[in-house]
Each structure stands twice: as structure tokens, then as C-alpha cells.
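The values are calculated or read from the model by the stated rules, or taken from the named source; none is laboratory data. Worth saying up front: this structure is predicted, and the values here are computed from it rather than measured. So basically every Cβ, Gly included, is an ideal-geometry build from the backbone, and we count neighbours across all protein chains shown. SASA here: full protein model, heavy atoms, side chains in, ligands and nucleic acids out. Shrake-Rupley method; radii C 1.70, N 1.55, O 1.52, S 1.80 Å.
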Number of protein chains: 2
Amino acid sequence: MSKKKLVVIGGDAAGMSAASKVRREQAGREIVVFEKGRHTSYAACGIPYFLGGLVERPEMLIAREPEIFRKKQNIDVRILHEVVRIDTGEKRVLVDDLSEGKKFWESYDELLIATGASPVVPDIDGVNAAGIFALSSLQSGIDLFRFITENKPETVVIAGGGYIGIEMAEAMADRGLKVSLIDMAGQVMTTMDEEMTRPVAEYMVKHGVKVFLGEKLEGFEKDPEGRVRKVLAGSLKLEAGLVILGLGVKPNSDIAGDAGIATGAGGAIRVNKRQESGTEGIWAAGDCAESFHLLKDRQVYVPLGTVANKQGLVAGTNISGGRAEFPGVLGTAITRFREMEVSRTGFAEKEAKELGVRYRKTIIESPSRSSYFPGSGKMTVKLIAEEKTGRLIGGQIVGMHGAAKRIDTVVAAVTAGMTVQQLVDMDLSYAPPFSPVWDPVQTAARTLL
Amino acid sequence: MSKKKLVVIGGDAAGMSAASKVRREQAGREIVVFEKGRHTSYAACGIPYFLGGLVERPEMLIAREPEIFRKKQNIDVRILHEVVRIDTGEKRVLVDDLSEGKKFWESYDELLIATGASPVVPDIDGVNAAGIFALSSLQSGIDLFRFITENKPETVVIAGGGYIGIEMAEAMADRGLKVSLIDMAGQVMTTMDEEMTRPVAEYMVKHGVKVFLGEKLEGFEKDPEGRVRKVLAGSLKLEAGLVILGLGVKPNSDIAGDAGIATGAGGAIRVNKRQESGTEGIWAAGDCAESFHLLKDRQVYVPLGTVANKQGLVAGTNISGGRAEFPGVLGTAITRFREMEVSRTGFAEKEAKELGVRYRKTIIESPSRSSYFPGSGKMTVKLIAEEKTGRLIGGQIVGMHGAAKRIDTVVAAVTAGMTVQQLVDMDLSYAPPFSPVWDPVQTAARTLL
């Protein structure tokens, strides 16, 4: 068993978590990882903070270099090697060695697909102009950084008000650019309910970001050198020395689909809880694969770093002969714009509606700390409970000082199937610098009762 | 029913929470509150931050003034009125009107005892010297503030390294005093395990506090004007222009005991989960009463602001004809010394040992944020699980950036009876400014597996 050769496609979070786990369990196993880029195991989530200047050098985002995997873990990592085809019949992959410009076949006994996701790039006028970026990899972040350094744009338009859009807005504002953010939806952060996102948009506006909602990106104007100059969106024509696309991502699953490996939710590779694809001997994990949603009780597509790490570990455990299952997601996510923290888990109200779940909801405002404590800010909490059982099924928090990580209390309550009453009853912590006597989450739960 | 007269002894958190709740439920009921001090509903937990200068004026700590209770809620609050005797046979209390200097009897139909707690003051040489303070009320904080302003002491000795001791050490250091802290135990924060308190003591030392452990307070030397000059403790003789006693508190339950009302854990008034004492028509809540411990499955003594508020609400609900039970505590507590945050819940290892619980434990160190993120600090997490069931029974966290409120995730897990595996499996939140990919609590849980 341990002599079976493992090939991994993709050298980032999921792929390297899996490879490292297999190595820890099976010292003698042959493990080959093909990574089409230059970098392995980097923190994609940190790219905005590198671009904003908080993280000084891009290398700081790299958790482990390819040479370290080779030397210390005996994992044969080959960067600049892109797998372009999977031959499930012959159990081999066609590899394009990008530095040498030649292709070769590599056999496998077991295959893990961890190809990640790619940013959505709309097919519109001028989208190939210089100065238009979508963050797909550490390299794309480095390229964007170089563009800013060399061209010194004064204005940036960010298309898309999701997590990436908001984090890039912070980064670009921190660099001193004039930032405009557009979204075709009537709100930022469409995974949340509209009224919870209003304080976020207002805060961004207060901090100098121009926010245009309900404006669909339609095209770009270039200057004579072929660089982007203007963004056309709905009624708008915005100056833009730089454009960043944060329009979501799609799973890199074409290579799997072409090989007859089943895809499912959001076009991601279909997997069971053990990260097995529908094709024997082939596994998938991370941003290219489905995830199980605990409340929806079905597979969904949730491309996030935490999920990728966990799925990689599960895949690695199973590939090395252990038994592990991916425990599932609740759609937990957090971000910030400067001091304004944002978090969500479980069902937003609109999801509950779509799914026909009968629910009760509440929204409360609370001080973030004891109200007399200096710097106490505002925290807004929305909780959603199932009408029939009183069980908590979702939460959203926006505000200062801990609005982000506070969602973990709600995550635990939803995971445990707690009722609103049980949340009210919990012996949560209190001290004036950190919380009012009744934690904002409990204040919301009390109101919901 | 609603015409029965309610008398409340004590106008702080528990007493006023209860009185307010009764008023909301029963508009016509007669409610009289006797408070021996000048202030009602103040945030005792905020006193150190007033003394340290973070909170500018002591009035900011008062949630609601007696006049507001009288005018807006029709609650007859009488400050400077001390109840000195309870006559359960005649259903009346003897009240000492401290401003007029005369006593009178007041009848009740129902009585709520919310007399709070008093700081432990040891009977040792010189303890009555000027400049020795124990924080018992907002007034005592104001008196301490005045002493500092008038006498400008350069040195302060804080006796006791518990929550109050640590918060007062921060406050006094912030005011520019040279701070020494002594404790007879070999550690600060004796509700935690020794190894978890070491980083706290080290951090305090690094920030200029002299910490002397294993030194028992033995007496004081006075100057000719009767002011404290030196503290004698074990092998030490410490300069002290000011002394603050943080040696714990004891329940103000003598008045109940004298009236034949049963006392229990820690000498506190015995109550059931509805906050009923053993004597009909008499209730107790807050720092003078017992609390139910969820893991120990018995009554304990836990004098804390959160508990007082909740017990007051439960008492008020029941007194006004509703039905509520105090849900119980886990011994959750948090504090900080400047940037160093400290938290605990459930069983410390030493408690598990004392109680004969077979357990597994782990201690891990984690970065507080993604390690590349600027200002990422250290966070140390200790988790304790029951050996037989794998259920989590306790947690302690010390460190930077969220070590305090992070305990709420552990609180929820312990409350829900989650196993260590279930904690590992949770979809907790992640973003670089707030957490590493694996939250420190989950990293600890993974190690414990």
C-alpha cells in the first residue's frame, strides 16, 4: 500500500497539507507534486495585506518553499509544471514543464487534484488592457505590486464588493490611492443580508472610498499605450489608473471534467466526505472541490483557505490509509475594512427564505465594550433561529473590537444545535475592556426570545 | 399578587436588575430598595479603569442614578439606608437611615437580599493605617482616588494577584506609581494552573511591576502621621505610600444568617436555581448568594458581575410571577494587564485533580494572528478533556489579541458537551488580521487528539 505512487496536482494549501500528512504517515511513499506557478504553500489571504504595505515582502506569505519540501520532507515538488490532462484509464497525467517548454507523461497510483480556483474575468470590452488585475496567485499579487510601483496610478477601481474587494479597498486606500468600489448588487458582501452590510459601506465611504452599488461593470477605456484609463459601469464612467477584479472565483475543475471525473455544486469536483471523487483512486480537495454544508445537508461550493487546509488534511489521512471525514462548513467567514469588522455564519435571512425555512430573526445594536470604556464602539448583531425548534441557524456581526472573532461563539452554538435560550444561558466572559456585561451576542439572543 | 410589597436590600447589579424586571412585569407593584451607599447600579468592574485614568470620571461608571429609578421606573430607591436586621417572623426589616441617624422598621411581603460582597481585610498589625484600601464600592474607589491626588504616593504595594490585583497593578502603573505586587501563593491568578500564569507574571515584570510570589502579607509600618509607610510580607519589607488589598471577597450574608436564613457554599446565602432562599418569601441574588456550577453539579460561590446581573433577572422574573432558573456557571473569567489577555473557563487541571476527574490535557503556543501579519503575538492555550468521554471540560488562554474573548468558543463547547474532535471539526472563522488558519483553540484541540 505505502509503495503506491501519489501524484498531487497543485502545491498550495490543500495539496501540500495532504502531501505533508501522507509523508508523516508513510515515510517511504513516493510523492510527486506538480505546481504550475513558482510558489508553494503561500497564504493567498495575506496578499491584500502585502499590497497595502502591512506585510513588507511577498516572501513572508510563503509558509514553506519547494526546496524545504524536497529536502526536509522528501516530497518531490516541481514548480512551473502544469498538469494539462488526466488519463484515468492509463492512470497517468500529461505534464507541461513550463520552464523547458516540453511535455511528458507521469504515471500515478493515486491522484489528488488540488488545482484551486481562478478569479472570474468577464468577457467585456478592454478587459485585457494593462493595469487590470485579478488576484489568482501570489505571482499575480507580485505583478500587481510591480505595476503600482512602476506606474504610480492615482486612482483604482475595484469591481466587486465581496471579501476580496473590501480587503483590496483597504489595501489601496492604505497605499494612498483614490479608491472607487463598484458592485452590480445593491449592497456589498452579498453573502450577508443587505441591512447588515450598510454600516460597512458607510464606514468605507467615511474612510474615503467611493462606493457605487447597483452598477454593473460593462467595459474599459484604454490610453494610447494600451493601459486602462476608465471603467464603464452602468451610469458611471470612472477614472482608473488601475483596476482590480474581485468578482468571485470558479473552481479549476475543467481538467477533471475533461477526464470524465464528475463535477457538482458550483462546477466543483464532486467529492464525498472522505474527499474521494467519483473516479477510483482520484481525490480532490480545496478550492477546486465541493464542501458539505452542515445546515443545508448537501454539497456546496465554498472556496476558503480554512476549508482547503482541512480538506487537504482529510485527503492526506485517507490516502495514507487512515480514516477521516471532512466535518462540513457553515459558511463562516470574516473580514475587515480597517477597524470595521465583519462576520457571518450559517444562514443569512435571505438563504433561509430561499430554502423555505421558517425562522425568527433579530437585529440589535450594542456597545462593543462597557459603554464607559474609552474607545467603546458599536456592534450590530443579527441572529436567525428556526421557528419550530428555536435552534440557532445563523448569525451576522458587524462593528468594532471583536465583531469578527465573536462569530465563533455563534458557530459553536449553531454546530451544537443550541437553542436561543441555551445561548442566552451560557456563561460567556466579561471584563470592561472586552465586552459589556451582557455580550452583544447574548443581548441579541435575549431580544430574539 | 401584584399588590404584594417587595423590599430589596442592595441597589447594585443584582438588586436593581431584579427591581427593574419586576417593574417591567408589574406596573402597580410597590417596590422599595434600600442601599447603604450613595450609588446605585454602578459598574464595580470599571473602578480600576477609573483609577488608572482610562475612564475620566467616576460618574461614568453609574448606569442609572437613584433619581432615575424613582422618576422613570417608580422604584422607591433610598440611598444611605442600611438594613441591619431581618425579622422573618413579622416580615419586616430594621433600616438605619444613615443620613438622619435613626432607625425604623419597614414591612415586606417579599424580600430580595442583594447585599453583595466585601473585600477580605486581614486582621494584622497596622491594617487600619491611612493609605490602605480595599475596593468594596464605588465610594471606596473615589476615596482611593482622592488619597492618591492628595498624597501623591510614589509607591504602591498590591496584596493579592487575582483579577482585582492585576487590574489595579495596571491602573497604578498607568498612573505612574512604582508597583509591587505580592501573593502568598507561588503564582498569580490562583484560579488558573501555575504554568499558564507564568507568562502573565513575566509580562507584568517586563512592564515594570515587581512581582513577589510566595510571600504572605504580615503587617504594615506607619509614619508618624499614621499613614502606611512599609509593607511586611514574608522575607520582604517594601516601601509603600499606598496599599491596595485584593485578597478576595466574602459574601455579605451575616444579616441573613442572623435571621436564620440558611447559608451554604463559601458562606453565601443558600439558594435554589430560582434564587429562592430556604425561607419562604425571601430571595437572594448576586455576590451574596450561591451559584450553580454546571460541571461540578453543585452550588459554589462565584462573585462576578455577569452572574449578579443574571441572577437579578432570574429573581425578578420569579418574584413577578414568571418562571426562570439561573442556568449555572462554568467559572468563566477574563482580565488583562495592558496587552496581555487572560481567560479561563471550566475546570483548571488542579480542580480536575482535586475532584478526581480523569482527564487529558494539552498546552500549545500559537501565533495570535497569521504569523506574517504585523504585530502578531503569542497565544498559549491549555485544554482539558475528560478521559472517558473525550468531552472538553476546561480551557485557559493567555496572550495577545483576543486571548480573552476567545474563551467564549471554549465556553460554548463545554456547555454543549462537545468532544475534542467536535471542537477540531468546527467551522471557525479565519482572516489574517484575526487568527492563523487554524484558530489557536483548534490547534490545541488537534494536539489533544
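Out of all the residues in region B:110-129, which are surrounded by 15 or more Cβ atoms within 10 Å (Cβ to Cβ) and over 21 Å from residue B:252 (Cβ atoms)?
Residues satisfying the conditions are B:126, B:129.
Counting only residues that are farther than 19 Å from residue A:394 by Cα, at the interface with another protein chain (Cβ under 7 Å from one of its Cβ atoms) and more than 29 Å from the chain's Cα centre (by Cα), how many does region B:421-434 have?
Count: 3.
Please find, among B:191, B:149, the residue that is of a type in the set (Ser, Thr, Tyr), open to solvent by 50 Å² or more (accessible area, probe 1.4 Å) and under 21 Å from residue B:249 (Cα atoms). Let's see the steps before the verdict.
Details: B:149 fails: under 21 Å from residue B:249 (Cα atoms).
Criteria check complete, one pass: B:191.
Could you say whether any residue in region A:390-400 is out of contact with any helix residue (DSSP H, G or I) (no Cβ under 9 Å at 6 or more places or on another chain), within 7 Å of chain B (Cβ to nearest Cβ) and touching a residue at least 12 places away in the same chain (Cβ under 8 Å)?
No, the conditions are met nowhere in region A:390-400.
I'd like to check which strands (runs of 3 or more DSSP E) are fully inside region A:199-313 and have at least 3 residues that are more than 30 Å from residue A:418 (Cβ to Cβ).
A:210-213, A:217-222, A:228-233, A:236-239, A:242-245, A:249-251, A:282-284
Out of A:78, A:70, which single residue is open to solvent by 10 Å² or more (accessible area, probe 1.4 Å), farther than 30 Å from residue A:173 by Cβ, assigned to a helix (DSSP H, G or I) and in the same structural domain as residue A:280 (by TED's automatic domain parsing)?
Answer to the check: A:70.
Cβ-Cβ below 7 Å, separation at least six or inter-chain, first residue in region B:250-277 and without any contact (Cβ under 8 Å) to a residue 40 or more places away in the chain, second surrounded by fewer than 20 Cβ atoms within 10 Å (Cβ to Cβ) and not in a loop (DSSP other than H, G, I, E, B): which pairs?
B:263/B:257; B:265/B:300; B:267/B:250
Would you confirm, using the coordinates I've provided, whether residue A:248 is of a type in the set (Gly, Ala, Ser) and within 30 Å of residue B:425 (Cβ to Cβ)?
The answer is yes for residue A:248.
Filter region B:317-368 for residues that are within 11 Å of chain A (Cβ to nearest Cβ) and among the acidic types (Asp, Glu) and give the result.
Those that are within 11 Å of chain A (Cβ to nearest Cβ) and among the acidic types (Asp, Glu): B:325, B:339, B:341.
Every residue in region A:152-188 that is out of contact with any strand residue (DSSP E or B) (no Cβ under 7 Å at 6 or more places or on another chain), more than 22 Å from residue A:234 (Cβ to Cβ) and crowded, with 18+ Cβ neighbours inside 10 Å, please.
If the condition is that a residue be out of contact with any strand residue (DSSP E or B) (no Cβ under 7 Å at 6 or more places or on another chain), more than 22 Å from residue A:234 (Cβ to Cβ) and crowded, with 18+ Cβ neighbours inside 10 Å, then A:171 is the only one that fits.
Being out of contact with any strand residue (DSSP E or B) (no Cβ under 9 Å at 6 or more places or on another chain) and crowded, with 19+ Cβ neighbours inside 10 Å is the filter here; which residues of region A:27-44 pass it?
Going residue by residue through region A:27-44, those that are out of contact with any strand residue (DSSP E or B) (no Cβ under 9 Å at 6 or more places or on another chain) are A:27-28, A:44.
Residue satisfying the conditions is A:44 alone.
Under the condition of being buried (at least 20 other Cβ atoms within 10 Å of the Cβ) and small (Gly, Ala, Ser), which residue from region A:251-264 is nearest to residue A:86 (Cα to Cα)?
Checked region A:251-264; the qualifying residue nearest to residue A:86 (Cα to Cα) is A:256.
Which members of region B:421-445 meet the condition of being assigned to a helix (DSSP H, G or I) and either without any contact (Cβ under 8 Å) to a residue 60 or more places away in the chain or open to solvent by 20 Å² or more (accessible area, probe 1.4 Å) (or both)?
Selection gives B:421, B:422, B:423, B:424, B:425, B:442, B:443.
Taking region A:48-97, which residues are of a type in the set (Lys, Arg), over 25 Å from the mean Cα position of the chain (by Cα) and more than 22 Å from residue A:316 (Cα to Cα)?
Result: A:85, single match.
Is it the case that region A:352-361 has a residue that's open to solvent by 30 Å² or more (accessible area, probe 1.4 Å) and small (Gly, Ala, Ser)?
Within region A:352-361 (the criterion being open to solvent by 30 Å² or more (accessible area, probe 1.4 Å) and small (Gly, Ala, Ser)), the answer is yes, since at least one residue qualifies.
Under the condition of being in a loop (DSSP other than H, G, I, E, B) and without any contact (Cβ under 8 Å) to a residue 60 or more places away in the chain, which residue from region B:402-420 is farthest from the other protein chains (Cβ to nearest Cβ)?
B:417
Just to check your reading of the model, which residue among A:295, A:247 is within 14 Å of another protein chain (Cβ to nearest Cβ) and either on the phi > 0 side of the Ramachandran plot or open to solvent by 10 Å² or more (accessible area, probe 1.4 Å) (or both)?
Numbers: A:247 fails: within 14 Å of another protein chain (Cβ to nearest Cβ).
Result of the check over A:295, A:247: A:295.
Against the definition (at pLDDT 95 or above, within 24 Å of residue A:83 (Cα to Cα) and surrounded by 21 or more Cβ atoms within 10 Å (Cβ to Cβ)), how does residue A:333 come out, yes or no? Before you say what the answer is, go through the steps one by one.
Details: at pLDDT 95 or above: yes; within 24 Å of residue A:83 (Cα to Cα): no; surrounded by 21 or more Cβ atoms within 10 Å (Cβ to Cβ): yes.
When the stated conditions are applied, residue A:333 does not pass them.
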